[in-house]
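The values are calculated or read from the model by the stated rules, or taken from the named source; none is laboratory data. Because the structure is predicted, anything quoted here is derived from the model rather than measured. Counting neighbours? That spans all protein chains shown, and the Cβs are built from the backbone with ideal geometry, glycine included.
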Amino acid sequence: MKKISYILLLASFTILFSCKKPGTFPTPTPEPPVVVPPTTGTNPLPAGAKDGVVFINNGTSAIVTLYAPAKKSVYLIGDFNDWQALPTSQMKLAPDNNTWWVQIDNLNPNTEYAYQFFVDGTLKVADPYSEKILDPNNDSYIPASVYPNLKTYPNNKTTGNVSVMQANKPTYTWKNGNFNRPAKDNLVIYELLIRDFTAEHSYASTLQKLDYLVSLGINAIELMPVTEFEGNLSWGYNISYYFAPDKYYGTKQALQNFIDECHGKGIAVIMDMVLNHSFGQSPM
């Protein structure tokens, strides 16, 4: 009986391997990058460092900081190192054992650099202090007329939302710097959703309606949330990044110009902040 079992087993293996053609075996999965834990808490923060990005050396270097308790390893990956978790991009752990930092050099102050944090060899997140986010799923639906020259997402390099840093960012020159806000007990507020107020859903197109709003007798506009939220078609109450204006309505400078023009017509602008609505793609 055992002899028959061995013959059947041998026949099964013969049939199995005779059916396999050369080159049809699955390709081995590449090994993940080696994560080397740093020396615990022996790297004081450089002078001037703070949460997010601080540029030094005339914008050719940056100190990038992340508050991430209970993590074993954090790398800074981005355009500047071809999105690789290199030894030079491994972040140092500060003495509080919660704050990670690294200095990157040889930057062009006029260039936008996309970047992420690579945490514990598995998690990739954008900077919670970023002022600009690239979204692989939604940026392609933003018209160039609303956001000109939007930086391209680094496809085939990484996944998930990425942050953008730039030393010499475009600046805005304010025209109405002496605006006096209406008294709180005299406010007549118009709550406004940029997405639905005009067909173009932009700050620029909303400006064309300011005279109409003035004719209503208002002296304040309350903008429904305009910082980076999930998707494009939203009331904005699913916030993910609190310091990055959502690109679906326009650039940061377009938002500044909208506020400036409102001030020029005696209209205060109130920003709706929903700190208790931090949503799924938030890194916090």
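Here are a few things to note about the model shown:
- Hits in region 101-121 (condition: polar (S, T, N, Q) and either closer than 11 Å to I77 by Cβ or without any contact (Cβ under 8 Å) to a residue 40 or more places away in the chain (or both)): Q116
- Inside region 94-140, residues that are loosely packed, with under 14 Cβ neighbours inside 10 Å and within 20 Å of A47 (Cα to Cα) make up a count of 5.
- Residues in region 70-83 that are touching a strand residue (DSSP E or B) at 6+ places or on another chain (Cβ under 9 Å) and in contact (Cβ under 8 Å) with a residue 24 or more places away in the chain: K71, K72, S73, V74, Y75, L76, I77, G78, D79, F80, W83.
- For region 204-230, the tally of residues that are touching a Lys or Arg at 6+ places or on another chain (Cβ under 6 Å) and more than 15 Å from A254 (Cβ to Cβ) stands at 1.
- If the condition is being of a type in the set (D, E) and loosely packed, with under 14 Cβ neighbours inside 10 Å, then region 72-93 contributes only D82.
- Taken over region 229-252, the criterion of being closer than 15 Å to L275 by Cβ, modelled with pLDDT of 90 or more and not hydrophobic (A, V, I, L, M, F, W, C) is satisfied by Y242 alone.
- L213 fulfils the conditions (1) within 30 Å of the chain's Cα centre (by Cα); (2) surrounded by 15 or more Cβ atoms within 10 Å (Cβ to Cβ) except for a single criterion, (1).
- Residue list for region 240-284, restricted to those being on the phi > 0 side of the Ramachandran plot and surrounded by 21 or more Cβ atoms within 10 Å (Cβ to Cβ): G250
- For region 231-238, the criterion of a residue being farther than 30 Å from Q166 by Cβ and surrounded by fewer than 20 Cβ atoms within 10 Å (Cβ to Cβ) is satisfied by no position.
- Annotation note: of K175, K157, the sole residue that is under 29 Å from S205 (Cα atoms), outside any strand (DSSP E or B), out of contact with any His (no Cβ under 6 Å at 6 or more places or on another chain) and not assigned by TED's automatic domain parsing to the domain that holds Q256 is K175.
- Some residue of region 189-206 being surrounded by fewer than 16 Cβ atoms within 10 Å (Cβ to Cβ), out of contact with any Ser or Thr (no Cβ under 6 Å at 6 or more places or on another chain), modelled with pLDDT under 95 and more than 19 Å from D260 (Cα to Cα): yes
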